[in-house]
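FYI, it's all coordinate maths here, none of it is from the lab. Because the structure is predicted, anything quoted here is derived from the model rather than measured. Every residue, glycine as well, gets a Cβ built from its backbone with ideal geometry; the counts of neighbours run over all protein chains shown.
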Amino acid sequence: MMKILMVIALCITMQFVVAQEFVVEPASSKLSISGTSSLHDWESKVETFKGNVSANVENNQIKSVENFNFQLNVKSIKSGKSGMDKKTYKALQEDDYPTISYEGTSVVIHNNSATFSGVMSVAGKSKKFSTKVNLIYENDKMILSGSKEFNLTDFDIDPPTAVFGTIKTGAAVVIHYNIQLKK
């Protein structure tokens, strides 16, 4: 009987950490891609994306992230210029690969930031991809923010050109994100 009471008391006093699922809130999140060209700098906004993060939260702090995944529709990348958008879709091979994804393999948390590592798949090419993320947890919401530069050529993508090759997009692009997720 004493052992049973001890087990019950131990269970009552222990805090169980259970992974919680957080889902992207598209209306309050922002995702964009920027770069350069021989004519001018440019930025495109991503209108449609989704994702989720499975995290352990204890005492209003994220203690660990078990997994994450994010996807965006290539045709939701909008620059405000239809000609540029068409070149973007062609370069990203949207007809064959309509989605860009980022699937998590590990997350290392450092106070209010984390390093998210995973596999990014763009235009049929998958590559290991890591990025430092500002990580905030408040009011039962998780906020991931930051930016990450990479080269299109890392994914075997030829940077788009226009006007018979006289206007060239730079190989380097930057993803900017402020993603809010809720339980």
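For this structure, a couple of remarks:
- Straight Cα distances below 17 angstrom link residue 75 to the aspartates and glutamates 43, 47, 85, 94, 95, 96, with same-chain residues fewer than 8 positions distant left out.
- Selected from 27, 123, 171 as most flexible by GNM, with the chain as the system and alpha-carbon contacts under 10 Å: 27
- Long pairs among 45/128; 125/148; 30/86, criterion Cα-Cα beyond 20 Å: 45/128; 30/86
- Relative contact order %, the chain, counting alpha carbon pairs below 8 Å whose residues are six or more apart: 24
- Spin-label pair residue 140-residue 89: with each label point 7 Å from Cα along the Cα-Cβ axis, the two points sit 3.9 nm from one another.
- Across segment 52-183 the C-alpha pair distances fall into 5 Å bins from zero in the proportions 2, 9, 17, 21, 16, 13, 10, 6, 3, 1, 0, 0 percent.
- In segment 30-116, the GluC sites (Glu not before Pro) that fall in loop regions by DSSP, at most 15 other Cβ within 10 Å: 47
- Our helix-only sum for the chain, with -39,500 (n - 2.57) per DSSP H run of n ≥ 4 divided by its residues, gives a mean residue ellipticity at 222 nm of -3500 deg cm²/dmol.
- Annotation for residue 156 and residue 19: the two label points, set 7 Å from Cα along the Cα-Cβ direction, are 3.2 nm apart.
- Cut-off 20 Å, label 7 Å out along Cα→Cβ of residue 99, residues of segment 121-143 by amide N: 121-129
- Part-to-part distance (alpha-carbon centres) for segment 37-51 and segment 81-97, which is given in Å: 12
- Exposed chymotrypsin sites (Phe, Trp or Tyr not before Pro) absent - longest run of the chain, DSSP non-H/G/I/E/B, at most 15 other C-beta within 10 Å: 17-163
- For the chain, the longest principal axis of the C-alpha atoms and the axis of helix 82-91 are separated by about 70°.
- A Cβ-based charge dipole, computed about the Cα centre of segment 35-179 with Lys and Arg at +1 and Asp and Glu at -1, lands at about 240 debye.
- Cβ-Cβ FRET estimate between residue 123 and residue 59, R0 fixed at 35 Å, reported to 0.05: 0.25
- Taking 169, 153, 105 in turn, the Gaussian network model of the chain (Cα-Cα springs below 10 Å) assigns the largest fluctuation to 153.
- Selected from 163, 46, 173 as most flexible by GNM, with the chain as the system and alpha-carbon contacts under 10 Å: 163
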